[in-house]
Amino acid sequence: MSPIDPASGPRHWQPIASLLEGKPNPAKGSCLPGFDREFSGIEDFIIKITHRIWEQKNVGRCADYYFDPCPVHTLGGYSDSVDEVTQNTLATISAFPDRSLIGDNVVWSDEGDGVFYSSHRIISTLTHLGSCEFGPATGRSAWVMTVADCVCRANRVEYEWLMRDNSFLALQLGLDPLELAHQWALKQPPGRFTSWWQEEYNRVSQTAPSKRTSWPSASEDLMQAGRSCANAWLDTLFNRKEFGAVETFYRPNARVIWPGGRHPIGVRGISGTLIQWLSQFADTRATCDHVAVTAFDKDTFDVALRWTLAGRYVGKEPALQNCLNLPTLVLACTHLRVQAGKIIEEWTVFDEISLYANLIRAQAST
Amino acid sequence: MKAAQDLSYPIQRLFTVGDVAGMRARLLHSSIWQQHGKTSFGDEQITAHWMRWLAACGTGICAQTNSAENNRESVQILTLTQAGRATPVRLAVWYWHNGEHIKRALCIPDTEMMAAALSTDYSEITQRLPPPDPLVIADYDQQRHPLSVEVLPSQLADLPSAIKPAFDAWWSLWQDGQLAATEQAYLPAAKIFLPGKVEPGLPEALVNYSAHMFHNLRRRYCVPESVIWNPQSPDKLAVLWHMEGDAHNNAKDPSARSRRIRVTVINFLEFSQKRIAREVMLVDQSVLAKSAQTQQ
């Protein structure tokens, strides 16, 4: 559990300039074994390297802060070469020249032996001014939420899972996400992606049903409470489909951001959103692949859970009727803010366009 | 509440003299500004909201302010007038803060008053405004079942018994469509500033307004997001809430004739003799119109 410095309050309220100027406290010594002394903690490391590489557009500095190779998994592809990451970033900036990355939160965990796990929620603002995977320039301005889950060691990122809400971005650009999915399906991903997808599908779909996890009691310490929240949330809603539990898990006026412009407010809307989304999959199994818990303020904590869902597509979308019963996989990350035993805010991110593109591509190959 | 007052000043300065720098200084890098149903992040996108307003309405005098605040949230309702224009424009800014910086601000301008102030056709004003966020409002069971848990706005604040019954009656008007609840909620001569109206109306005017809204939104469900009440000003409160429902249009394609939409509402209520004596209600009608028509 990360401590909250009562003098400065949570980082949430600190202006970016003070976050970037933050220096380690000599009295505390080095907080991060194996990392440069300029970083006061893993949160500080993530905020600063994100700013240097992506916001200041020093994309070549990936070489300073990433191992090479560094596997980067997304639902749309795979890369492990720093050169490839650099080239992809240049292409993105070329199409979205004013892209800015706004860090919204970092939830992290100490994995031991100098290894740290960070889940960084980022808002990108951008204007679509050049051709890219979203097609020719639309001239439209938009924002998109991304979560980058990184394993960090010795001053570098050594493994990453990247999730972006591409369907909401497409909608803001005036594009039809399913039409875009059909276009993306034409592109063949690297073989390493295909094998990863199959391994993940097998792993998740063959996972035995978990024991029922209880929503945390008031007596649990925050770390244990955060883990219980994550497991109960995923197991109860996604595996057991007990949507009545939404009233137990969430504050009645909770706000949720889900991919594709699904932004429900209140338990009725949250329950409806989950039911509508899950109704398109059968034989689903969801696994909680990593949990991190970080204190937000004195009575609130944040949970980051990376999860994977496997199942068969049984949705009603006319454009996907050829894909019925094909296997499908979702790589997602959810951030929960929990106060007094209830979720007050949630941010869930996955790439819905790649999800459908993978289905369409699988159908084409059958 | 000195801190909250400190934040009200740059908001008023923004809309009265165009003090963009003063307002910007109170936002964080990750602050959110929502206006006309569009969510914006970052300096460029947020400033575009302000400039759109200032270009359309100019700067002016703040003729009237209503405000409420607690430790983390504040709301200001400004009535702005400009020399040479007979009609004022009303807007509300609801903001979440730490006394020094604003993390999220929700701005609801009264776009009907805006059109009247500019002597412009309402549809022309609507066309000038940005499209709202392409939200997908899920279908769900909007009915209240015997054991379902419902949240009342009065449960979101520690309200005194002097105003709670009238506030609950006020909510039953919106949540249950109980038009007669105005009898328990309002003084007979209550002054109610409805959206688009410069002059206040009586409770009968509210009944007509809400009945019209209920007729146009089927499968309606209301959810309160927040209530601001402060024991230092016990006879007033502000409530932020959302109404979701099916809006109907005249699209040729029958499948496109109904769209599920969300209307965000801010009400500022003042109580006297255990009833509502004065109310200001803010709805951005342009969001309603665009959400109902646009196929995202």
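Among the residues of region B:35-62, the one identified as free of Cβ contacts under 8 Å to residues at least 12 places away in the same chain and of a type in the set (Asp, Glu) is B:Glu44.
Report whether or not B:Arg85 is surrounded by fewer than 21 Cβ atoms within 10 Å (Cβ to Cβ), away from chain A (no Cβ under 13 Å) and either more than 18 Å from the chain's Cα centre (by Cα) or outside any strand (DSSP E or B) (or both). When the stated conditions are applied, B:Arg85 passes them.
Looking at A:Thr74, A:Thr50, A:Thr92, just one residue is polar (S, T, N, Q), more than 14 Å from every other protein chain (Cβ to nearest Cβ) and crowded, with 19+ Cβ neighbours inside 10 Å, and that residue is A:Thr74. Among the residues of this structure, A:Glu179 counts as one that is farther than 26 Å from A:His335 by Cα and either of a type in the set (Asp, Glu) or at pLDDT below 95 (or both).
A Cβ distance below 7 Å, combined with a sequence gap of six or more or placement on separate chains, defines the contacts here; from region A:236-258, residues that are under 11 Å from A:Gly269 (Cα atoms) reach no residue that is crowded, with 19+ Cβ neighbours inside 10 Å and basic (Lys, Arg).
Apart from one condition, B:Ile261 fits all of (1) more than 14 Å from chain A (Cβ to nearest Cβ); (2) surrounded by 22 or more Cβ atoms within 10 Å (Cβ to Cβ); the exception is (1). When each of A:Ser219, A:Ser228, A:Ser214 is tested for being among the polar types (S, T, N, Q) and crowded, with 18+ Cβ neighbours inside 10 Å, the lone residue that passes is A:Ser228. Only one entry in A:Cys150, A:Cys132 is surrounded by fewer than 21 Cβ atoms within 10 Å (Cβ to Cβ) and modelled with pLDDT of 95 or more, namely A:Cys132.
For the criterion of being in contact (Cβ under 8 Å) with a residue 40 or more places away in the chain, more than 14 Å from every other protein chain (Cβ to nearest Cβ) and in contact with a helix residue (DSSP H, G or I) (Cβ under 8 Å, 6 or more places away or on another chain), B:Gly18 passes.
You will find that of B:Val265, B:Val223, B:Val227, the residue that is under 27 Å from A:Arg251 (Cα atoms), part of a strand (DSSP E or B), in contact with a Gly (Cβ under 7 Å, 6 or more places away or on another chain) and not charged (D, E, K, R) is B:Val223 and no other.
Tell me which residues, restricted to region B:233-260, are within 29 Å of B:Glu69 (Cα to Cα) and in a strand (DSSP E or B). Within region B:233-260, B:Lys236, B:Leu237, B:Ala238, B:Val239, B:Leu240, B:Trp241, B:His242, B:Met243, B:Glu244 meet the criteria.
Scanning region A:95-114 for residues that are in a strand (DSSP E or B) and away from chain B (no Cβ under 12 Å), we see that the one that is farthest from A:Gly226 (Cα to Cα) is A:Gly112. Among the residues of region B:34-65, those that are of a type in the set (A, V, I, L, M, F, W, C) and at pLDDT below 95 comprise B:Trp53, B:Leu54, B:Ala55, B:Ala56, B:Cys57, B:Ile61, B:Cys62, B:Ala63.
I'd like to check which helices (runs of 4 or more DSSP H) are fully inside region B:91-206 and have at least 3 residues that are surrounded by fewer than 16 Cβ atoms within 10 Å (Cβ to Cβ) and either touching a Lys or Arg at 6+ places or on another chain (Cβ under 8 Å) or not basic (Lys, Arg) (or both). Spell out how you get there, then give the answer.
Values: elements: B:111-117, B:122-128, B:164-176, B:182-185.
By residue number, B:122-128.
Inspect all residues belonging to region A:317-335 and state whether any of them is within 14 Å of another protein chain (Cβ to nearest Cβ) and either within 20 Å of A:Trp184 (Cα to Cα) or over 16 Å from the mean Cα position of the chain (by Cα) (or both).
There is at least one residue in region A:317-335 that is within 14 Å of another protein chain (Cβ to nearest Cβ) and either within 20 Å of A:Trp184 (Cα to Cα) or over 16 Å from the mean Cα position of the chain (by Cα) (or both).
When you check A:Asp299 against the structure, is it out of contact with any Phe, Trp or Tyr (no Cβ under 7 Å at 6 or more places or on another chain), of a type in the set (Asp, Glu) and in contact (Cβ under 8 Å) with a residue 60 or more places away in the chain, yes or no? No, not satisfied.
Determine whether region A:194-202 contains at least one residue that is among the β-branched types (Val, Ile, Thr), away from every other protein chain (no Cβ under 14 Å) and assigned to a helix (DSSP H, G or I). Yes, there is a match, as at least one residue in region A:194-202 is among the β-branched types (Val, Ile, Thr), away from every other protein chain (no Cβ under 14 Å) and assigned to a helix (DSSP H, G or I).
Under the condition of being within 26 Å of B:Thr126 (Cβ to Cβ), among the charged types (D, E, K, R) and buried (at least 17 other Cβ atoms within 10 Å of the Cβ), the residues counted in region B:1-51 number 1.
Among the listed residues B:Thr79, B:Thr65, which satisfies the condition of being part of a strand (DSSP E or B), buried (at least 19 other Cβ atoms within 10 Å of the Cβ) and free of Cβ contacts under 8 Å to residues at least 60 places away in the same chain?
Result of the check over B:Thr79, B:Thr65: B:Thr79.
Selection of region A:95-121 for residues being buried (at least 20 other Cβ atoms within 10 Å of the Cβ), under 17 Å from A:Val151 (Cβ atoms) and either of a type in the set (Val, Ile, Thr) or at pLDDT below 95 (or both) yields A:Val106, A:Val107. With the requirement that a residue be surrounded by 15 or more Cβ atoms within 10 Å (Cβ to Cβ) and not in a helix (DSSP H, G or I), what does region B:207-218 give you? B:Leu217, the sole residue that qualifies. Name the residue that is nearest to B:Ser291 (Cα to Cα), counting only residues in region B:216-225 that are facing another protein chain (nearest Cβ under 7 Å) and in contact (Cβ under 8 Å) with a residue 60 or more places away in the chain. For region B:216-225, the residue satisfying everything is B:Tyr221.
The values are calculated or read from the model by the stated rules, or taken from the named source; none is laboratory data. No experiment lies behind these values; they were computed from the predicted model shown. Positions of Cβ are backbone-derived with ideal geometry, glycine not excepted, and every protein chain shown enters the neighbour counts.
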